[in-house]
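Everything on this sheet refers to the single structure shown next.
The values are calculated or read from the model by the stated rules, or taken from the named source; none is laboratory data. Source: prediction; values computed, not measured. No Cβ is skipped: glycine too gets one built from the backbone with ideal geometry, and neighbour counts run over all protein chains shown.
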Amino acid sequence: MNKHIKVFSGSQIFVNRLNQLLDQIDIPYLVKDNKEAGRLAGFGTLGNSVDVFIYESDLEKAQPTIANFKQEIAADQ
């Protein structure tokens, strides 16, 4: 069984950009929005609470894209 691993945690805007990049290289992903889930359940969360998960088997293919993305957002901050 192929398991998911978290590759990024950040704001919804950054997650949307990473999702676009993963779509371009045909990597399926799962987004977990803890902030929205907390809001719906009646409690809140703090900070960067949107996570992106990919299959562990896709990590090698996705790693260069993820690394470039992280460098890109680090330069902007």
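Pull out all pairs, ordered by first then second residue, where Cβ-Cβ is under 7 Å, the residues are six or more apart or on different chains, the first lies in region 51-68 and is part of a helix (DSSP H, G or I), and the second is of a type in the set (Lys, Arg).
Correct list of pairs: GLU56/LYS3.
Can you name the condition, by its number, that SER9 falls short on among (1) in a strand (DSSP E or B); (2) at pLDDT 95 or above?
With respect to (1) in a strand (DSSP E or B); (2) at pLDDT 95 or above, SER9 is out only on (2).
So which pairs qualify, if the first residue must be in region 1-17 and closer than 11 Å to PHE53 by Cβ, the second must be surrounded by 11 or more Cβ atoms within 10 Å (Cβ to Cβ) and modelled with pLDDT under 90, the Cβ gap must be under 8 Å, and the two must be at least 6 apart or on different chains?
Correct list of pairs: SER9/ASN48; SER9/SER49.
If you check GLY44, GLY38, which single one turns out to be outside any helix (DSSP H, G or I) and at pLDDT below 95?
GLY44
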